[in-house]
Amino acid sequence: MEKKHKVIIDCDPGVDDALAINALLMAKNVEVLLISIVGGNRPLEVVYKNGLRLTQFFNKNVLVAKGNRPIAECDKVSTSYFHGENGLGGVELAYTEENLTSENSIDVMAKIIKENPGEIEVVALGPLTNLALLAQKHPEQFRSIKAIYSMGGTFSHGNITPYCEFNYYFDLPATEIVLAEVVKQNVEFHMFPLDVTMQVYFDANEFTFLRFEGGRWGNLIADMFEKNYLVNSYQVIGKPICVLHDLLCSMYLLDDSDFDEVDSAIVTINKDKEKYGQLLMEKGKSSLYVHKKVDGYSLKKKYLALNYSKELLDKYEFMMKGSL
Ligand code: RIB
Ligand code: CA
């Protein structure tokens, strides 16, 4: 029997966070031990509720803990135009605070890691605030993390400034701390920058398919994305597509076979005024891996298979073939 992945999710849900969380909650070989919340897409006090909404929607009894304010309040960037005021594209789901602990998420993380040394995998779907503070306050536990899978950064175009990606720009000091500490402490760190995440997206047809065939969750996906995310993507990219950034972290943890180009590197931050926050990569032996290429279609089919039957997958493949 394959050993279960023991996972902590740190996230700022966020509609693409929601898919990444769903994947890990549905995967049979994963035990999600904590959903730690970080401010990002929307303030912490807004998005923690979405951690509770999603675990309740999937009827999963998972502890949720609020994390911390950014180490540096960068210029007030917000993604409400993508994720809606409430962070889930305006979709209102019921939630209780039954599974919410009052303990700070980094202290809960430290306890869980201490009880499972060398076994905990952290899926980081937002700014790196909590991981940076974990490294500073609980260095021994940070060192004994098995692996970190982080959506963030860019080595080409940015999505919040011309040179920067949202998650890593939102709390730059935190990003700098984590990128240095993982190499110094030899913690396995997988970075999924825009360069690779932009290869995975749902388009308007796929949202319609999910409405027709995907039941409650399919309709919720379409509801979460179509109101804000799809409209803004079209305005920014010129195509009716929604990039599923965070989902890549979860799917890599479950099955890395769709990812085939990666560089190990040291990654630092450009402090030039004009390109402030830009990531600089120096390839070489390191525990930090930057992913560059993925088979997006294969990844999406594996994601859908976590929630749906072969019959639905066959219909999806027929729809995607485009030919009648
Ligand atoms: O830049 C994309 C990232 O920013 C994703 O994690 C998305 O959820 C937003 O947080
Ligand atoms: Ca996110």
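The values are calculated or read from the model by the stated rules, or taken from the named source; none is laboratory data. As the structure is a prediction and not an experimental result, all values here were calculated from the model. Cβ placement follows ideal geometry from the backbone for every residue including glycine, while neighbour counts extend to all protein chains displayed.
Overview of values
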{"item": "Qualifying position, being among the aliphatic types (A, V, I, L, M) and within 16 Å of ligand 2 (Cβ to nearest atom), among LEU254, LEU247, LEU230", "result": "LEU247"}
{"item": "Cβ pairs under 8 Å, 6+ apart, first in region 154-178 and closer than 12 Å to TYR276 by Cα and polar (S, T, N, Q), second within 14 Å of ligand 2 (Cβ to nearest atom) and part of a helix (DSSP H, G or I)", "result": "THR161/TYR169"}
{"item": "Spans of helices (runs of 4 or more DSSP H) in region 1-100 with at least 2 residues in contact (Cβ under 8 Å) with a residue 12 or more places away in the chain and away from ligand 1 (no atom under 14 Å from the Cβ)", "result": "15-26, 44-57"}
{"item": "Single match in VAL7, VAL62, VAL108, VAL46 (criterion: modelled with pLDDT of 95 or more, crowded, with 18+ Cβ neighbours inside 10 Å and closer than 20 Å to LEU248 by Cα)", "result": "VAL7"}
{"item": "Selected residue [in contact with a Leu (Cβ under 6 Å, 6 or more places away or on another chain) and either within 16 Å of ligand 2 (Cβ to nearest atom) or part of a strand (DSSP E or B) (or both)] from GLY153, GLY158", "result": "GLY153"}
{"item": "Hey, MET320 assigned to a strand (DSSP E or B) and either surrounded by 14 or more Cβ atoms within 10 Å (Cβ to Cβ) or among the polar types (S, T, N, Q) (or both) or not", "result": "no"}
{"item": "Given (1) outside any loop (DSSP other than H, G, I, E, B); (2) under 27 Å from SER36 (Cα atoms), number of the condition LEU210 does not satisfy", "result": "(2)"}
{"item": "Residue in region 130-168 that is nearest to HIS245 (Cα to Cα), counting only those that are among the hydroxyl-bearing types (Ser, Thr, Tyr) and modelled with pLDDT of 95 or more", "result": "SER150"}
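Conditions tested, residue by residue: (1) touching a residue at least 24 places away in the same chain (Cβ under 8 Å); (2) surrounded by 20 or more Cβ atoms within 10 Å (Cβ to Cβ).
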site: TYR229; (1), (2): yes, yes
site: GLY238; (1), (2): no, no
site: LEU248; (1), (2): yes, yes
site: VAL267; (1), (2): yes, yes
site: SER287; (1), (2): yes, no
site: VAL290; (1), (2): yes, yes
